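**Q** If you scroll down you'll find the structure; I have some questions about it.
Since every read-out is calculated from the coordinates, none of them should be taken as a lab result. What you are looking at is a predicted structure, and each value in this text was computed from that prediction instead of being measured. With ideal geometry, Cβ positions are generated from the backbone for all residues, glycine too; neighbour counts draw on all protein chains shown.
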Amino acid sequence: MEIRELQRLIYEYGKGKGFHDNDPTADEIWEQGCDIIPRWLMNVVSELGEAHEAFRCDDRLNFAEELADAVLRILDDCETLGIDLEAEIIAKMEKNKQRPHMHGKKC
């Protein structure tokens, strides 16, 4: 399954569970969503924090699940905002090919 397809599937699943019942449109989010996007980003950070805690407790199963939760949130948010994350990833990988070896690494 391609990322774009997975992104749509995750969004539709969330919609079926009522998570998108009152969502503004992507344009409305960008125009007036100054509180929405930061909240979504912090939800991803929260999932990564839970993954960090699982790592600290040597709980590999929960670690993997929390990473999946973070990716699920990102894919769902991208679909809500109309972002084709698969295309963005491919474009970013192409951009990174032009960077020097270990760019940004100080040591």
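**Q** Fewest to most neighbouring Cβ within 10 Å: what's the order for ILE10, ILE37?
**A** ILE37, ILE10
**Q** A further question on this structure: Under 8 Å for C-alpha pairs, at least 6 residues apart: give me the relative contact order for the chain, rounded to a whole percent.
**A** Working: 66 pairs, mean separation 38.3, N = 107.
The value is 36 percent.
**Q** Turning to a different aspect of this structure: Would you mind calculating the gained length between ALA87 and ASP58 on full extension (0.36 nm times residue separation, minus the Cα-Cα distance), in nm to one decimal?
**A** Working: separation 29, 0.36 × 29 = 10.44 nm, distance 3.46 nm.
Length gained between ALA87 and ASP58: 7.0 nm.
**Q** With the Cα gyration tensor of the chain in hand, give its eigenvalues times 5 under a square root as the equivalent ellipsoid semi-axes, listed largest first in whole angstrom. Intermediate values should be presented prior to the final figure.
**A** Details: eigenvalues 131, 92, 45 Å².
So the three semi-axes of the chain are 26, 21, 15 Å.
**Q** Considering only ALA87, ALA70, ALA51, give the residue with the highest GNM mean-square fluctuation for the chain, with springs between Cα atoms whenever their separation is below 10 Å.
**A** Among ALA87, ALA70, ALA51, the largest mean-square fluctuation in the Gaussian network model of the chain belongs to ALA87.
**Q** Which aspartates and glutamates have a Cα less than 17 Å from the Cα of LYS15, not counting those fewer than 8 places away in the same chain?
**A** Straight-distance partners of LYS15: GLU5, ASP23, ASP69, ASP76, ASP77, GLU79.
**Q** With springs connecting C-alpha atoms under 10 Å apart, model the chain as a Gaussian network and identify which of GLY16, GLY49, GLY82 has the largest mean-square fluctuation.
**A** Highest fluctuation of the listed residues: GLY16.
**Q** Moving on to the next point. Length gain on complete extension for the stretch LEU48 to ASP35, per 0.36 nm per residue less the alpha carbon to alpha carbon distance? Present the calculation step by step, with values, prior to reporting the outcome.
**A** Details: separation 13, 0.36 × 13 = 4.68 nm, distance 2.03 nm.
In short, 2.6 nm is gained.
**Q** Roughly speaking, what is the stretch gain from GLU28 to LEU67, that is 0.36 nm per residue apart minus the C-alpha to C-alpha distance, in nm to one decimal?
**A** Net length gain for the segment: 11.1 nm.
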